[in-house]
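Everything below concerns the one structure shown next.
A short reminder: the numbers here are calculations on the coordinates, not readings from a lab. No experiment lies behind these values; they were computed from the predicted model shown. Counting neighbours? That spans all protein chains shown, and the Cβs are built from the backbone with ideal geometry, glycine included.
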Amino acid sequence: MSTLGCLPPTQVPHATAFIEEMVEIVAELVALGSAYETSDGVYFAVSAVDDYGLLAHQSLASLRSGARVEVNDKKRSPLDFALWKKAKPAEPWWASPWGPGRPGWHTECVVMSLALLGEGFDLHGGGQDLVFPHHENERAQAVALGKPFARRWMHNGMVEARGGEKMSKSLGNVLTLSDLFEQSDPRAYRLLVLQSHYRAPIEVTATTLSDAVSALGRLDALSGRLAEAGGVDSERSDPEVRDAFVERMQDDLDTPGATAILFDAIRRANVAFDAREAPRAAELTRGVLECFGAVGLEAKGVAEIPEAVLELGHRRDRARAERDFATADALRAEIVALGYAVEDTSSGTRIRR
């Protein structure tokens, strides 16, 4: 995750550290009449929540009609879910008013969320496959307890392989992040994520990764041009680029729209550099770098070109202006031998990693 540029989480909770709080909440739900005990555990009665099915965009009646026939005839409704499972032989267990057992998955998550984030926290995320029943059942417990839960729910699309096939262990088409990092720049995956809306699927293939690497090359090259133009006095970044970026991000995290704005700004910055409009080009470039930096995507290694190498480029430009092409070629070879790429542009020699 560090290689991918992700910040570490503030908390890394373990469910076993919250068993006491889970038992307390289950007991409270039983006392409220929202849960009931059977011979094999304690179950939540979904009928206790008037708007059960809100996240799934289905009514309780609709969910009931589509429910699978359950083998467990101890439940009042096939939609009722376990809050506490009584222990079976050789299973781990903890003490409770209903005998030895363990908490249900949905209870673990709602208790840890409320304990660590508090009531009425901002965001609850997860894959679209968790909307129902897991997230619906988390929310139902909080509603029955009278506790404000997540204010916003954000469900992300699935990672897909070629042809829209969901990437999963069962299909044997999984590409791990470690494998991916051996094949391409780790930033390429971050860019793929940004270029897909969080609610849409992400297609991870050799083609999409190659396209992302090429796009990163444009970002890196632009940052290199800014480094070469080190004489630009202003440190100002273009406010229009930043404002347009923020506007898209505020619209349901429209990262595809936001990145499209930044790549268009890269194009305009290069046009300005080519036209020798260095101050304007620098403002656009700084706007691009600032906004990409805000979403954890940094330009790579371009600002580290030593002054001595840049001076070789300036000497090459002077040699070309004097039509001393033998010297210009020798200087180009010297720069390349030091590990840098050399490009000829209308504004002169461009050097980058």
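Between His14 and Ser184, what is the FRET efficiency for a Förster distance of 22 Å, r being their Cβ-Cβ separation, to the nearest 0.05? Efficiency, rounded to the nearest 0.05: 0.05.
Annotation: aspartates and glutamates with alpha-carbon distance below 12 angstrom to Lys88 (same-chain offsets under eight excluded): Asp40.
Ranking request for peptides 178-184, 244-250: highest mean number of other beta-carbon atoms within 10 Å first, then the rest in descending order.
The densest-packed peptide leads the list: 244-250, 178-184.
Taking amide H positions as modeled 1.01 Å from N, with prolines and chain starts lacking one, no residue 5 or more places away or on another chain lies under 5 Å from His155.
Straight Cα distances below 26 angstrom link Lys86 to the lysines Lys74, Lys75, with same-chain residues fewer than 8 positions distant left out.
Summing +1 for each Lys or Arg and -1 for each Asp or Glu among the other residues whose beta-carbon sits under 13 angstrom from that of Gly126 gives 0.
Protection proxy ranking of 142-154, 1-13, 39-51, 284-296, by the mean of other Cβ atoms within 10 Å over each peptide's residues and highest first, is 284-296, 39-51, 142-154, 1-13.
Find the Cα radius of gyration of the chain, compare it with 2.2 N^0.38 Å by division, and give the number to two decimals.
1.40
As a calculated quantity, the FRET efficiency between Asp324 and Ser214 at R0 = 35 Å, using C-beta atoms, amounts to about 0.50. For the chain, the mean residue ellipticity at 222 nm estimated from helices alone is -14500 deg cm²/dmol, where every DSSP H run of n ≥ 4 contributes -39500 (n - 2.57) and the total is divided by all residues, rounded to the nearest 500.
Take each uninterrupted DSSP H stretch in the chain, measure its Cα extent along the helix axis, and return the ones at 15 Å or beyond whose mean Kyte-Doolittle hydropathy is at least 1.0.
Answer set is 19-32, 105-117.
Packing here is the average count of other Cβ atoms within 10 Å per residue, and on that basis the peptides 56-62, 80-86, highest first, run 80-86, 56-62. Projected onto planes of every orientation and averaged, the convex hull of the alpha-carbon atoms in the stretch 305-352 covers 2.9 nm². Principal axis extents of the Cα atoms in the stretch 162-303, from largest to smallest and rounded to whole angstrom, are 57, 33, 21.
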